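Working notes, beginning with the structure itself.
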Amino acid sequence: MKHSILKWGVISITILFLLLYTWIAVDRWFGTHDFLFQWPIAIQFHKPVQIVEREVVSPEVAEVPQDDNSIVLKVSHYNPDLGGVNCANFQDGECVSKMANGERWQDNIGLAIACPKELEFGTKIKIDDRVWECKDVGGKITKDGEIYWIDMLTPYPLYNYGEIVLGEIIE
């Protein structure tokens with residue numbers, strides 16, 4: 001009887017240890033906290049995407065007038081909070097990188113863009129009714145012919161990935 005209780009106690013502790021280890025491993029590998037328990041409500045932290053009508057310029061017919069400050073842009077977005085290719089130094093669930101100009105990315109959400117090397121830091125570009133400033137760079141952020149690829153620092157995309165838009169250099 002004593003050996004039977006001891007045997008079942010060891011088995012129970014082993015099973016509990018394996019469950020706890022599995023829970024911790026899944027949480028660490030996948031970063032999810034709902035492996036064994038899921039909250040009955042969902043909280044949405046991002047604003048819904050708004051549909052904005054604007055003129056879309058095809059890359060084949062995009063021409064940049066030489067006598068004004070118009071610029072043809074291919075746009076995308078990045079959010080360092082997401083990690084991965086969005087952040088060069090992601091530690092303990094937080095992006096600790098700074099932008100290429102040395103400023104904190106957290107202070108420039110919705111204001112900064114990553115620009116190709118042909119556009120200097122501090123260049124201000126007006127897109128639709130919003131002014132953006134070149135404060136960062138990226139490996140895929142390049143100039144292709146007369147089209148400049150820019151990456152907007154936003155929590156969610158404002159345009160479709162790779163969409164061609166017209167902008168105006170204002171500084």
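Can you confirm whether the stretch 134-151 contains a residue that is buried (at least 17 other Cβ atoms within 10 Å of the Cβ) and within 12 Å of the chain's Cα centre (by Cα)? Yes, some residue in the stretch 134-151 is buried (at least 17 other Cβ atoms within 10 Å of the Cβ) and within 12 Å of the chain's Cα centre (by Cα). Count of the stretch 101-126 residues, restricted to those that are more than 18 Å from Leu82 (Cβ to Cβ) and surrounded by 17 or more Cβ atoms within 10 Å (Cβ to Cβ), is 5. Among the residues of the stretch 86-108, not a single one is under 13 Å from the mean Cα position of the chain (by Cα), in the same structural domain as Ile164 (by TED's automatic domain parsing) and among the β-branched types (Val, Ile, Thr).
Only residues that are part of a strand (DSSP E or B) and touching a helix residue (DSSP H, G or I) at 6+ places or on another chain (Cβ under 6 Å) were counted across the stretch 95-114, and they come to 1. Here Thr32 clears all of (1) at pLDDT 80 or above; (2) β-branched (Val, Ile, Thr); (3) farther than 28 Å from Ile147 by Cβ except the condition numbered (1).
Scanning the stretch 157-164 for residues that are touching a residue at least 60 places away in the same chain (Cβ under 8 Å), in a strand (DSSP E or B) and hydrophobic (A, V, I, L, M, F, W, C) turns up at least one hit.
The values are calculated or read from the model by the stated rules, or taken from the named source; none is laboratory data. Note that the structure is a prediction, hence the values are computed from the model and not measured. We place every Cβ from the backbone using ideal geometry, glycine too, and count neighbours over all the protein chains shown.
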